[in-house]
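Take a look at the structure below.
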Amino acid sequence: QSHSIIPLMRDGRCLSKITQGVTTEIMGEAWTPAPVGGRFTNPMAGRFSTLPGIDEWSERARDWTRFAHWLEAFENHGVSPNVGSFLGGGTLRRYGRGMDVGPSGDDEIETMQRVMDEAMADGAFGVSYALIYPPDVFADTGEVADICEVVGRYGGVYITHLRSEADMFLEGLEEAIEIGNRSGAAVEVYHLKAAGQRNWPKMAQAIARIDRARAEGLDITADMYPYEAAGTGLTSVLPPWIAEGGKTYENLRDPEARAKIRAATEKPDGTWEAMGDLAGPEGVMPVSFAKPEHRHYAGMRLSEIAAEQGKDWIDTAMDLLISEEQRISTIYFMMSDDNLRLQLQQPWIKVSSDAGGMDPEWAAADGPTHPRAYGTWTRVLGHFVRDEGVIELEDAIRKMTSSVADRLSLRDRGLLREGMLADVGIFDPETVRDNATFTDPHQLSTR
């Protein structure tokens with residue numbers, strides 16, 4: 001599972017992934033730049049405005065009225081890896097209902113089902129929802145199940161960032177199981193994790209629940225990245241309803257709305273994933289800033305930035321977002337190494353990066369990033385397999401290759417066998433290692 005859509009527009013080589021042996025990038029978590037239509041008319045809006053050539057891509061993207069159009073554009077642009085994708089559930093929701101809060105009407109759901117059907121016909125692997133982020137968070141269980149019925153008819157996959165990976169982790173998993181059972185679609189859980197120390201004991205319960213669902217006949221599996229920190233935007237410290245109507249920054253500027261946002265952030269009510277509360281401001285590390293006056297903050301903890309500015313961390317986060325008026329990539333330290341080991345040992349787990357492919361020569365100029373972009377697979381092979389003996393080498397390779405191909409029904413790759421496509425990565429088990437760290441992330445792996 002990759003976030004290489006924007007990076008591949010900039011640089012088709014996907015260097016940080018290719019140098020780990022990755023031959024295929026599977027994209028589409030929550031957002032895809034196509035299909036354009038309905039209320040989804042400007043697919044590149046708010047998407048990393050500093051990207052070289054963004055204006056050209058933005059204009060081109062307006063013509064991507066079918067799901068296949070953007071993948072064809074990438075092929076014509078020239079990219080090193082194979083590429084494939086799920087349809088982003090956020091894109092689908094915006095197509096049918098925009099950024100409005102609340103349940104979708106019957107006509108809106110019918111529209112989304114039609115678009116989903118067209119995407120499956122165009123080669124989408126299924127649909128991907130990230131149910132803690134707007135607008136996906138505004139979709140209820142029934143709406144997602146209705147969309148997944150279309151996916152199920154094609155034998156596709158419902159892949160989900162659970163509605164909660166923290167205080168409501170088990171409930172979020174239960175929702176995914178319900179959607180799979182109601183719709184007939186296979187289920188894949190994105191980057192399985194138990195976030196926040198108080199929730200670490202829930203991982204064993206989640207594993208047991210997945211095992212039981214599988215025993216009862218549901219095709220459910222999961223993937224993970226081998227790090228104790230997550231990565232997403234700085235807006236995740238604030239309640240998701242700040243994005244209602246697509247007016248995140250207007251809401252942050254409005255004194256009345258800001259007061260409500262502050263109150264909800266200070267005392268989260270359990271209905272949203274309060275990542276500032278889960279990690280604490282000392283565990284929140286913003287890493288990407290567009291404005292020169294903010295770039296020295298990259299890699300500092302939110303608590304340190306707040307101290308420098310003489311504010312509390314909530315005002316600091318809101319003011320940074322207002323000033324930047326675009327996504328601020330952020331790392332959240334909130335997972336357990338013991339759980340990583342436990343997860344890797346499960347036969348149904350796969351390895352994924354949750355990151356884009358980049359070249360350190362240009363990416364370093366944008367500031368730090370999560371090391372998973374450079375070291376996910378090599379960290380498993382070097383640290384967890386060779387150095388720690390958590391799983392056997394052969395099992396690790398399966399979790400990176402044939403297990404993924406089987407999940408996506410890619411029958412012509414993923415195994416070393418006569419007649420299969422030669423998507424082959426070569427490495428030395430004695431020397432393979434990740435070199436990227438949280439303090440020095442832009443380091444290619446050693447194979």
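The values are calculated or read from the model by the stated rules, or taken from the named source; none is laboratory data. Remember, predicted model here, so these are calculated numbers, not experimental data. Neighbour counts are summed over all protein chains in view; Cβ atoms, including those assigned to glycine, are modelled from backbone coordinates with ideal geometry.
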Inset, instruction - For segment 307-380, please list each of the helices (runs of 4 or more DSSP H) lying entirely inside it that holds at least 2 residues being without any contact (Cβ under 8 Å) to a residue 60 or more places away in the chain. - result: 313-324
Inset, instruction - Test Gly105 against the stated conditions and say whether it is small (Gly, Ala, Ser) and over 18 Å from Leu408 (Cα atoms). - result: yes
Inset, instruction - Find all pairs meeting these conditions: Cβ atoms under 7 angstrom apart; at least six residues apart or on different chains; first residue within segment 75-86 and under 15 Å from Phe125 (Cβ atoms); second residue small (Gly, Ala, Ser) and surrounded by 20 or more Cβ atoms within 10 Å (Cβ to Cβ). - result: Ser85/Gly28; Ser85/Ala124; Phe86/Gly28; Phe86/Ala124; Phe86/Gly126; Phe86/Ser128
Inset, instruction - Search segment 5-25 for residues that are touching a residue at least 60 places away in the same chain (Cβ under 8 Å) and at positive phi and pair each with any residue that is part of a helix (DSSP H, G or I) and of a type in the set (Val, Ile, Thr) when their beta-carbon atoms are under 9 Å apart and the residues are at least 6 apart or on different chains. - result: Gly21/Thr378
Legend entry - Filtered residue count, segment 47-100, keeping only those that are within 28 Å of Phe289 (Cα to Cα) and among the basic types (Lys, Arg): 4
Legend entry - Hey, His370 modelled with pLDDT of 95 or more, surrounded by fewer than 21 Cβ atoms within 10 Å (Cβ to Cβ) and either outside the structural domain of Ser80 (by TED's automatic domain parsing) or not hydrophobic (A, V, I, L, M, F, W, C) (or both) or not: no
Legend entry - Which listed residue, of Arg341, Arg327, is basic (Lys, Arg) and outside the structural domain of Arg198 (by TED's automatic domain parsing): Arg327
Legend entry - Leu410 vs. criteria in contact with a Pro (Cβ under 8 Å, 6 or more places away or on another chain), surrounded by 12 or more Cβ atoms within 10 Å (Cβ to Cβ) and among the aliphatic types (A, V, I, L, M): no
Inset, instruction - Have a look at Val150, Val144 and point out the one that is under 21 Å from Gly270 (Cβ atoms) and either β-branched (Val, Ile, Thr) or buried (at least 21 other Cβ atoms within 10 Å of the Cβ) (or both). - result: Val144
Inset, instruction - Scan segment 326-343 and give yes if some residue there is modelled with pLDDT of 95 or more, surrounded by fewer than 18 Cβ atoms within 10 Å (Cβ to Cβ) and at positive phi, otherwise no. - result: no
Inset, instruction - Considering each residue of segment 199-208, count those that are buried (at least 16 other Cβ atoms within 10 Å of the Cβ) and of a type outside the set (A, V, I, L, M, F, W, C), and give that number. - result: 2
Legend entry - Contacts under 8 angstrom Cβ, first residue in segment 165-192 being among the polar types (S, T, N, Q), partner in a strand (DSSP E or B), 6 or more apart: Ser183/Tyr158
Inset, instruction - Please identify the pairs in which a residue from segment 396-420 that is of a type in the set (A, V, I, L, M, F, W, C) has its Cβ atom under 7 Å from the Cβ atom of a residue that is part of a loop (DSSP other than H, G, I, E, B), counting only partners at least 6 apart or on another chain. - result: Val404/Gly414; Ala405/Arg413; Ala405/Gly414; Leu408/Phe125; Met420/Asp412; Met420/Arg413
Inset, instruction - Return a yes/no flag: does segment 159-180 have any residue that is surrounded by 17 or more Cβ atoms within 10 Å (Cβ to Cβ) and touching a Pro at 6+ places or on another chain (Cβ under 8 Å). - result: no
Legend entry - Leading residue by the ranking (farthest from Gly389 (Cα to Cα)) among those in segment 399-432 that are among the small types (Gly, Ala, Ser) and within 27 Å of the chain's Cα centre (by Cα): Ser409
